[in-house]
Amino acid sequence: MSGTFVGMPAFPEAAREAVANPTLRGNLRHATHTIRAKRARAVREVPDWAELREAGRRIKDHTLRHLDRYLVQLEEAVTAAGGTVHWAVDADEANRIVTRLVKATGESEVVKVKSMATQEIGLNEALEAEGIRAYETDLAELIVQLGKDRPSHILVPAIHRNRGEIRDIFRSEMGAWGRPAPEGLTDSPAELAEAARLHLREKFLRAKVAVSGANFMVAETGTLVVVESEGNGRMCLTLPETLISVVGIEKIVPTWRDLEVFLQTLPRSSTAERMNPYTSMWTGTTDSDTADGPRTFHLVLLDNGRTDTLADQVGRQALRCIRCSACLNVCPVYERAGGHAYGSVYPGPIGAILSPQLRGADNAIDASLPYASSLCGACYDVCPVAIDIPEVLVHLRERVVEGGAATRAGNKVVLRPAKGHAAERAAMRAARWAFSHPGALRAGQRLASRSRRFHPRTLPGPGRAWSASRDLPAVPAEPFRDWWQRTRGGKEAQ
């Protein structure tokens, strides 16, 4: 996976800088609280939400267990409908395939539907290196692209920007990418949306090639599905002559009946809508000059670490994710640190478990991500496919500290413990020994109680990272076991 933001520090350092930015924190707090409240109201309207959530979990788990069979079925259905299927083992191969397909059309520019998979593989940069310009057409993605920025949210990539900042970006950058912003543009949402609409319209009408992702792929018919709120996706999927869709292999569902479940849970969990304003579906190609849809369709099925993730019995549940972003909007860590601190196109709780598995926890960023959580469990409570994110976080923390067996590029390997955790491992071993020797534990507790006047307020050495933002708990004057024995379980005190 090539999605690591170049030059980004590990999460603790990046988060420390983000938390010190009051404008960023204000933007995030306002946006996440607003979306969170709307989602809660939308979910309360559905009396069988718990049943839908369980159905989504079971469908995803069944599909992942039989992924090989459903992928072959999908390929056969897409091919029968006139499309061409390509298999990409990693980001580099996917980028080569898409670049080759665009060059074959003779075009030097493409319009894009919002796609996490293409961001994951760095497709825009790969196309630019080959002289092909990619234009983002989702409003938030357009803001990020014009601002030479990075996305910071799965659903709202420009969530860290306020209206004034967006106005300034449009005024200064739109002209270099196409139609300039109108004179006297203000920060009114209506004016900003109209400026984006006018800027993009000429690109929609001119483009011959489009690149998309997909929210779902239906194996039984070879149908791809994109849900969105602005209509830009519909324009990209119907107007260009050639459509190239880059989709992760986990986005597949077996049947149309299965799709019905997610078309209820996804919009309510993401945009707090009863249904998406635009749900676009396409199967293969059209050979008519008057019909909507592409005459040439290519589907690039992307692995890029997903098969390795599937091999992990605990971590594989991250592949259930339908990218609704509900976990981000309830996470106290994301609300304060923002998405850029995660160093990945997948921020927040889901990014903390997905990125280290897709990329491998071999660098400082990915080794730190499983710790970017308070383990409060709010993310699990709102997940529409019941991903137990806290369970996976603890599992990945164990892998970072202890190392152990894992799958990389389809091969079984033994990971070495990450650097910087020697003191933690030593402390855990010491605790294990003490809890296994009651006499030593009792002596240590008594010593700690009798010497508590001399205890420091903060921990020394590596422990400073913990006590810098927390008060050390006071040691009681008497160990619990001694109190229990003296009072016979508290009976004398009664």
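The values are calculated or read from the model by the stated rules, or taken from the named source; none is laboratory data. As the structure is a computational prediction, the values presented were derived from the model and not from experiment. We place every Cβ from the backbone using ideal geometry, glycine too, and count neighbours over all the protein chains shown. These accessible areas exclude ligands, DNA and RNA; they are computed on the full protein's heavy atoms, side chains included. Shrake-Rupley method; radii C 1.70, N 1.55, O 1.52, S 1.80 Å.
General remarks:
- The Arg457 and Thr34 beta-carbon pair, evaluated with R₀ = 45 Å, returns a calculated FRET efficiency of approximately 0.70.
- Cα gyration tensor shape of the chain, rounded if a/c is under 1.5, else prolate or oblate by comparing a/b with b/c: prolate
- For the range 198-291, the solvent-accessible area works out to 37 Å² per residue, with a probe of 1.4 Å and every protein chain left in place.
- Distance (nanometres) between label positions extended 7 Å along Cα→Cβ at Arg41 and Glu183: 4.1
- Over the chain: helical MRE at 222 nm, DSSP H runs n ≥ 4 each giving -39500 (n - 2.57), nearest 500: -15000 deg cm²/dmol
- Net charge dipole size for the range 143-277 [Lys, Arg +1 and Asp, Glu -1 on Cβ; Debye, nearest 20]: 180
- Farthest toward the positive end of the dipole of the chain, out of Cys376, Leu301, Ala341, is the Cα of Cys376, where the dipole comes from beta carbon charges about the Cα centre.
- Whole-angstrom gap from the range 57-113 to the range 287-323, using each part's C-alpha centre: 6
- Gyration tensor analysis over the Cα atoms of the range 358-494 returns equivalent ellipsoid semi-axes of 37, 20, 17 Å (largest first, whole Å).
- Peptides 64-73, 166-175, 261-270 ranked from most to least packed by the mean count of surrounding Cβ atoms within 10 Å: 261-270, 166-175, 64-73.
- Counted over the chain, the DSSP beta bridges are approximately 35% antiparallel.
- Cysteines of the chain lacking any other cysteine Cβ under 4.7 Å from their own Cβ: Cys236, Cys321, Cys324, Cys331, Cys376, Cys383.
- Against the compact-protein benchmark of 2.2 N^0.38 Å, the Cα-based radius of gyration of the range 112-170 scales to 1.11.
- Compactness check for the range 212-306: Cα Rg over 2.2 N^0.38 Å is 1.09.
- Rolling a 1.4 Å probe over the protein heavy atoms of the chain, with every protein chain left in place, gives an accessible area that is 52 percent carbon and sulfur.
- Charge dipole (debye, nearest 20) of the chain; +1 at Cβ of Lys and Arg, -1 at Cβ of Asp and Glu: 2680
- The range 320-451, accessible area per residue, ligands and nucleic acids excluded (1.4 Å, Å²): 43
- Rounded to the nearest 20 debye, dipole of the range 263-395 from Cβ charges on Lys, Arg, Asp, Glu: 200
- The alpha carbon centroids of the range 401-428 and the range 238-268 are separated by 36 Å.
- Accessible area per residue, Å², the range 23-161 with all protein chains present, probe 1.4 Å: 45
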